[in-house]
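This report concerns only the one structure given below.
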Amino acid sequence: MSTSPSEVAAPASRTSRWLAQARFETATTLRHGEQLLVAIVLPALALVGLTLSDSPELGAGRRIDLATAGVLALAVVSTAFTGQAIATGFDRRHGVLRFLGATPLGREGLIAGKLGAVALVVGVQLLLLGLLAACFGWHPEPSGLVPALVTVALGAAAFLSLAMLLAGTVRAEAVLALANLAWVLLLGLGILLPTDRLPGALASIAGLLPSGALGDGLRAALVHGQWPLAQWLVLLVWTGVAGSAAARWFHWSD
Amino acid sequence: MSAVEVVGLRRDVGAVRAVDDASWSAQSGAVTAVLGPNGAGKTTTMECLEGLQRPTAGTARVLGVDPWRAPAEHRARIGVMLQDGGLPVSTTARRLLRHVARLHRFPADVTTLMTRLDLERVGDRSVRRLSGGERQRVALAAALVGRPEVAFLDEPTAGLDPHARLEVWDLVRETAQSAAVVVTTHSFEEAERLADHVVIMNLGRVVAEGSLAEVCDGRSLEERYFSLTRGVRR
């Protein structure tokens, strides 16, 4: 066996390294029972529950269409925020970020890998949840598919930025508690429940939250075939603010 | 040129001066052992050399490069084993080592490396379920899988049983035939059996550096260590 250096020790190409990390993170997520529960099982249960019941009121439009848009928003939050915040928080605790940062992957490769992994897992979620919704009669508005994909991408970017901010600044146990608490609270702040169903000022506030922008944006696109420009702007602002804050305050070690 | 050069290195962590005007070097083809009590600045120095901490003053050079924010081309030439392992716990040892190998263009063979470190039988077990000694060996394999020109191994045999420790020593010696290996340790036996070059640190400063014979100066390493560090044997 040889662990002695080759003539010219060299890294794999940047693309190979980033793809390898995205694949590694995706596989780790999809093999992780708790992550699967949050990413697939709970959104699927939410879809079934909302479809089979009359409560809560979801607004104008077919109930299955409204419910599916909300559940797809929930799937994005589960993967880009809850899953990534918890995984990154504990990776930071265990020194994984420092170790991988010292390999040819580096810090930029870690971030690129997370982006790739979120994209891949969200893709799997959209496919599986979309198929389940189709079994219940989901008919998305065809003209809304492109703006829906844009909304998903912007929503994932905003929530991933928030996940990095949380995971990089708070202890792992607190990340676990806060990420799960946020997941529950956001259900009612625009993700499953449209913001216009909320009372008074809360509706306005929720509309400015990334949860409201993502949920309402997906409903506008998939149910009404609209291009939700206002919601995109909200998501872009959250991405910029949270991303800048994460870049400034993220600690690579606990 | 030395593979590793530390010149007047200082590293302040908050109000604490973790490393204070430290200077030493390590050569390719040799094992350098860095000893010192807890808090002596060994790990901080290693992390400056690994590019994980930025020196407050002075210089750290590895293969002639400033490791802080060094590019991937430099990091591919370096192997790092952190004191706390740095292993993701939700994957298996085999998947992790294959992943790290994929980050390099000319990696060592993962299966052979695992066999050498007696990891084959636990290779498909989650890292979370490995014993401390098994995790140590996975971390060592991860540091060596890129076939580094310089390997920084922070306490590589901590928690290992005597058989595993001998195997690790053999592998470290073998790696050092063509690389610079820097090892931190609390074990006098490990330093005496492995090291061509010894650095002793205390309270952030280098208090001795040289070959084992030069540092010991006719006494045992243990005696010399205690006389140079706390002054009294605790």
- Query: With respect to the numbered conditions (1) closer than 30 Å to B:ALA57 by Cβ; (2) open to solvent by 70 Å² or more (accessible area, probe 1.4 Å); (3) part of a helix (DSSP H, G or I), which one is the sole condition not fulfilled by B:ARG173?
  - Reply: (1)
- Query: Quick one: how many residues across the range B:138-164 are under 17 Å from A:PRO11 (Cβ atoms) and in a loop (DSSP other than H, G, I, E, B)?
  - Reply: 5
- Message: Cβ contacts < 9 Å: first residue surrounded by fewer than 16 Cβ atoms within 10 Å (Cβ to Cβ), restricted to the range A:233-254; second residue of a type in the set (S, T, N, Q), any location; separation 6+ or different chain. Result?
- Response: A:GLY240/A:SER161; A:VAL241/A:SER161; A:SER244/A:SER161; A:TRP249/A:THR169; A:HIS251/A:THR169
- Among residues of the range A:87-102 being open to solvent by less than 10 Å² (accessible area, probe 1.4 Å) and not hydrophobic (A, V, I, L, M, F, W, C), the residue nearest to the other protein chains (Cβ to nearest Cβ) is A:GLY95
- Message: With open to solvent by less than 10 Å² (accessible area, probe 1.4 Å), assigned to a strand (DSSP E or B) and touching a Ser or Thr at 6+ places or on another chain (Cβ under 6 Å) as the only criterion, which of B:VAL199, B:VAL181 stands out?
- Response: B:VAL181
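Looking at A:ARG107, A:ARG92, A:ARG98, can you tell me which residue is closer than 23 Å to B:ARG69 by Cα and in contact with an Asp or Glu (Cβ under 6 Å, 6 or more places away or on another chain)? Spell out the reasoning first.
Values: A:ARG107 fails: in contact with an Asp or Glu (Cβ under 6 Å, 6 or more places away or on another chain); A:ARG98 fails: in contact with an Asp or Glu (Cβ under 6 Å, 6 or more places away or on another chain).
A:ARG92 is the lone residue from the list that is closer than 23 Å to B:ARG69 by Cα and in contact with an Asp or Glu (Cβ under 6 Å, 6 or more places away or on another chain).
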- Message: Condition first: hydrophobic (A, V, I, L, M, F, W, C), open to solvent by 10 Å² or more (accessible area, probe 1.4 Å), farther than 16 Å from A:PRO140 by Cα and part of a helix (DSSP H, G or I). Now tell me which residues in the range A:191-232 satisfy that.
- Response: A:ALA201, A:LEU202, A:ALA203, A:ILE205, A:LEU208, A:LEU229, A:ALA230, A:TRP232
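Inspect the range A:120-128 for any residue being in a helix (DSSP H, G or I), in contact (Cβ under 8 Å) with a residue 60 or more places away in the chain, open to solvent by 10 Å² or more (accessible area, probe 1.4 Å) and more than 25 Å from A:ARG62 (Cβ to Cβ) and give the result as yes or no. Step through it out loud before you land on a result.
Step one: filter the range A:120-128 for residues in a helix (DSSP H, G or I), giving A:120-128.
Next, only the ones that are in contact (Cβ under 8 Å) with a residue 60 or more places away in the chain stay: A:120-121, A:124-125, A:128.
Now narrow it down to the ones that are open to solvent by 10 Å² or more (accessible area, probe 1.4 Å): A:120, A:124, A:128.
Now drop any that are not more than 25 Å from A:ARG62 (Cβ to Cβ), which leaves A:120, A:124.
Scanning the range A:120-128, I find at least one residue that is in a helix (DSSP H, G or I), in contact (Cβ under 8 Å) with a residue 60 or more places away in the chain, open to solvent by 10 Å² or more (accessible area, probe 1.4 Å) and more than 25 Å from A:ARG62 (Cβ to Cβ), so the answer is yes.
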- Task: Looking only at the range B:160-168, decide whether some residue is open to solvent by 20 Å² or more (accessible area, probe 1.4 Å), under 12 Å from the mean Cα position of the chain (by Cα) and within 14 Å of chain A (Cβ to nearest Cβ).
- Result: no
- Only one residue in B:ASP84, B:ASP66 is facing chain A (nearest Cβ under 9 Å) and either closer than 21 Å to B:VAL181 by Cα or modelled with pLDDT of 95 or more (or both), so which one is that? B:ASP84
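Going through the range B:92-126 one residue at a time, which ones are touching a His at 6+ places or on another chain (Cβ under 9 Å) and buried (at least 20 other Cβ atoms within 10 Å of the Cβ)? Steps first, answer last, please.
Looking only at the range B:92-126, we keep the residues that are touching a His at 6+ places or on another chain (Cβ under 9 Å), and these are B:118.
None - no residue of the range B:92-126 is touching a His at 6+ places or on another chain (Cβ under 9 Å) and buried (at least 20 other Cβ atoms within 10 Å of the Cβ), so the list stays empty.
The values are calculated or read from the model by the stated rules, or taken from the named source; none is laboratory data. Just so it is clear, the model here is predicted, and its values are computed rather than measured. All Cβ positions, glycine included, derive from the backbone under ideal geometry; neighbour counts span all protein chains shown. Accessible surface areas use protein heavy atoms only, side chains included; no ligands, DNA or RNA. Shrake-Rupley method; radii C 1.70, N 1.55, O 1.52, S 1.80 Å.
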